[in-house]
Amino acid sequence: MIALNERFAGKVAVVTGAASGIGQAIAKRLLMEGAKVVGSDQNPIAGLGEHFVGIKGDVTTEASAEELIATAVDRFGTVDAAFNVAGGSRPGYIVDLAESDWDFTVDLCLKSVFLGMKHQARQMMRQGAGAIVNIASLNARVPMHAGSAYVAAKAGVELLSRNGALEFAEFGIRVNAILPGLVQTNLTRRHFDNPDALAAFEQRIPMGRPAQPEEIAAPALYLASDDASYVNGASLLVDGAWAVSGYPDMRPFRGPMGWNQRTQA
Ligand SMILES: NC(=O)c1ccc[n+]([C@@H]2O[C@H](COP(=O)([O-])OP(=O)(O)OC[C@H]3O[C@@H](n4cnc5c(N)ncnc54)[C@H](O)[C@@H]3O)[C@@H](O)[C@H]2O)c1
């Protein structure tokens with residue numbers, strides 16, 4: 001049995017969006033578990049020690065996707081795991097959304113994952129093994145006001161991940177997607193700065209709270225690890241049970257509806 005802190009010993013990983021939030025948490029957890037890591041971001045990345053290399057890059061360009069892989073191979077020799085995390089959006093209602101804002105969001109969330117996977121898989125095919133984890137969103141399944149470009153791009157990430165799984169399986173490469181619910185990061189800061197908005201979210205989430213980035217990093221590492229050696233083409237919801245909460249809460253009506261109080265807890 002491999003100790004948790006050695007699961008990625010001798011492995012090399014690349015992470016996009018590594019300067020903040022979920023990407024940073026994934027990079028830190030990889031380092032904790034023994035990996036060597038190359039992270040990229042459009043913003044400067046804080047140093048994370050001798051086993052980490054941070055580079056500047058724009059995930060919407062093919063040159064950045066190539067540079068991330070070239071850096072990892074040059075510095076550490078291989079790319080065993082890849083995490084496509086960088087994302088964001090310019091929201092707007094469909095009737096108002098500028099074409100340029102649609103393109104911004106879809107390029108950042110969806111094209112970036114295509115470009116990333118293209119160059120990650122080329123390297124992994126040469127090695128005959130690898131694992132890719134793409135960060136989609138619960139919004140791949142659940143629409144939101146003013147979120148058309150984001151939800152469409154995230155739905156695209158989910159299916160693109162499955163297409164990668166299909167195309168790469170024979171080369172020993174696995175591709176899986178994570179669909180996070182609400183996570184406390186810079187991306188969602190405006191919700192956390194507004195107590196009423198946060199309360200509206202918490203009411204909707206059966207676990208009654210948002211996730212911390214580390215709670216997305218842990219399942220992301222699982223999917224990239226040998227513990228998930230037969231998990232391929234899967235989507236993992238990490239949402240505090242949000243997705244199962246669509247039915248109206250009938251608890252206030254349980255008397256008239258004819259069912260009794262819970263007997264336990
Ligand atoms: N926070 C949430 O509630 C949540 C929920 C579901 C999915 N997600 C997804 O998780 C991923 C990470 O988001 P986060 O919440 O950690 O946000 P974040 O803003 O904390 O981190 C995103 C990082 O991506 C980087 N980035 C943005 N555009 C880039 C570009 N063009 N090139 C390179 N880097 C770029 C940013 O600089 C930032 O460091 C995103 O894909 C997001 O859509 C987040």
Once the dipole of the chain is set up from charges on Cβ (+1 Lys and Arg, -1 Asp and Glu), the residue from the list Ala82, Ala129, Leu179 lying farthest towards its positive end is Leu179
Taking Cα pairs closer than 8 Å and at least 6 residues apart, the relative contact order of the chain in percent is 18 percent
Among Ala197, His51, Gln264, the residue whose Cα sits farthest towards the positive end of the charge dipole of the chain, when +1 is placed on the Cβ of each Lys and Arg and -1 on the Cβ of each Asp and Glu, is Gln264
To the nearest Å², the heavy-atom accessible area per residue of the chain with 1.4 Å probe amounts to 52 Å²
In debye to the nearest 20, the charge dipole size for region 4-240, taken about the Cα centre with +1 at each Lys and Arg Cβ and -1 at each Asp and Glu Cβ, equals 260 debye
For Glu50 and Tyr230, extending 7 Å from Cα along the Cα-Cβ vector and measuring point to point gives, in nm, a value of 4.0 nm
Contour minus Cα-Cα span, Arg204 to Lys118, at 0.36 nm per residue, comes to 27.3 nm
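Can you work out D for region 164-265 in µm² s⁻¹ from Stokes-Einstein, where Rh is the Kirkwood radius over C-alpha pairs, the temperature is 20 °C and the viscosity is 1.002 mPa s?
Details: Rh = 16.6 Å.
Here the translational diffusion coefficient equals 129 µm²/s.
Could you give the DSSP H helices of the chain that reach 20 angstrom or more along their long axis (alpha carbon positions) and whose average Kyte-Doolittle hydropathy is no lower than -0.5?
Numbers: long enough: 62-76 (21 Å, 0.17); 112-127 (23 Å, -0.59); 148-168 (29 Å, 0.43).
Helices meeting the span and hydropathy rule in the chain are 62-76, 148-168.
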The set of residues whose placed amide H lies less than 5 Å from the amide H of Phe83, leaving out same-chain residues fewer than 5 positions away, is Val14, Val15, Thr16, Val133
Residue separation between Ala70 and Tyr222 times 0.36 nm, minus their alpha-carbon distance, gives in nm 52.2 nm
With only helices counted (DSSP H, runs n ≥ 4, each -39500 (n - 2.57)), the per-residue ellipticity at 222 nm for the chain, to the nearest 500, works out to -11500 deg cm²/dmol
Sorted by chain and then number, the residues having a modelled amide H within less than 5 Å of the amide H of Leu236, at least 5 places away or on another chain, are Ala177, Ile178, Leu179
Expressed in nanometres to one decimal, the distance between label points 7 Å along Cα→Cβ at Tyr93 and Asp249 is 2.9 nm
Listed by chain and number, the aspartates and glutamates with an alpha carbon less than 19 angstrom from that of Lys56, same-chain partners under 8 positions apart left out, are Asp41, Glu66, Glu67, Asp74, Asp107
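Over all directions, how big on average is the projection of the convex hull of the alpha-carbon atoms in the chain, in square nanometres?
Spelled out: convex hull of the Cα atoms, projected over all directions, averaged, 17.3 nm².
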Which of His145, His51, His119 fluctuates most in a GNM of the chain (C-alpha springs under 10 Å)? That residue is His145
For the chain, whose charge dipole is built from +1 on Lys and Arg Cβ atoms and -1 on Asp and Glu Cβ atoms, the candidate among Leu138, Ala35, Val244 with its Cα farthest towards the positive end is Val244
Rounded to a whole %, the carbon-and-sulfur portion of the accessible area of the chain at a 1.4 Å probe is 54 percent
In whole Hz, the Karplus estimates of ³J(HN,Hα) for region 80-89 (6.51, -1.76, 1.60; θ = phi - 60°; x where Gly or Pro) are 8, 9, 9, 10, 9, 10, 3, x, x, 7
Of Asn194, Asn232, Asn84, the most mobile residue in a GNM of the chain (C-alpha springs, cutoff 10 Å) is Asn194
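The values are calculated or read from the model by the stated rules, or taken from the named source; none is laboratory data. No experiment lies behind these values; they were computed from the predicted model shown. Ideal geometry is used to build each Cβ from the backbone, glycine not excepted, and the neighbour counts take in all protein chains shown. These accessible areas exclude ligands, DNA and RNA; they are computed on the full protein's heavy atoms, side chains included. Shrake-Rupley method; radii C 1.70, N 1.55, O 1.52, S 1.80 Å.
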